[in-house]
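Visitor: Dropping a structure here in structure tokens format, bear with me for questions.
The values are calculated or read from the model by the stated rules, or taken from the named source; none is laboratory data. As the structure is a computational prediction, the values presented were derived from the model and not from experiment. Please note: Cβ atoms are built from the backbone with ideal geometry, for glycine as well, and neighbour counts cover all protein chains shown.
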């Protein structure tokens, strides 16, 4: 386990780049499959896929949470290795990325999109937007208070985080807010722009989430749990919103 932590810390940026490439390829594959389902005008397959994603994400969160005492050993080793190997200029660059997942940044996005939907009287989308984003924020807060996990030691002074560590609010919030925003935009953008939007969103969310590990303000398992909890909540919200939207579209 120490050797694995050393390897990941020494190759953190290339590994993150590889993860982003793999996630982009998976996003492209899933989008191609989704297009086949959408062409049939049958909402049931997409609903099943969405609920399946929610259940898998929930299972991942439960697994990480239940094994947290065992995973903590690896988490601590990785945090210590990152503290030793990542240079100050790299930390400063990562700090710029992590700002996109800060509470105030996400809050500004939530309010801005909500006002835009309100002015256009898009009531269903407004309700879905607020439930998905605000609901996820409340869920993350409740989980943090339930686990009360202390953050790893960090001494670079770039970030001051007084809240609990598990699960990561940046990972959770960025997935919920930028993920839901992507769902809203998919119905408005021309077809050629939709896949680049999905890949761009995937890249942004991964960068924000794992920037927290590289900055050593979160453990690795915090970020995985943040992604998992938000993915479960967001998938459920999108499934419900999409079914309601289709009822409006195909209402006789």
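Visitor: Does the range 218-235 include one or more residues that are more than 14 Å from the chain's Cα centre (by Cα) and not in a helix (DSSP H, G or I)?
Guide: yes
Visitor: Which of the residues that make up the range 174-217 are surrounded by 18 or more Cβ atoms within 10 Å (Cβ to Cβ) and not in a helix (DSSP H, G or I)?
Guide: 215, 216, 217
Visitor: Please specify each residue of the range 76-96 satisfying the condition of being farther than 23 Å from residue 204 by Cα, touching a helix residue (DSSP H, G or I) at 6+ places or on another chain (Cβ under 8 Å) and either surrounded by 13 or more Cβ atoms within 10 Å (Cβ to Cβ) or free of Cβ contacts under 8 Å to residues at least 40 places away in the same chain (or both).
Guide: 77, 80, 81, 85
Visitor: Of all residues being in a helix (DSSP H, G or I) and exposed (fewer than 14 other Cβ atoms within 10 Å of the Cβ) in the range 33-50, which is modelled with the highest pLDDT? Just the residue, please.
Guide: 48
Visitor: Given (1) surrounded by fewer than 16 Cβ atoms within 10 Å (Cβ to Cβ); (2) over 16 Å from the mean Cα position of the chain (by Cα); (3) free of Cβ contacts under 8 Å to residues at least 40 places away in the same chain, where does residue 99 come up short, assuming only one miss?
Guide: (2)
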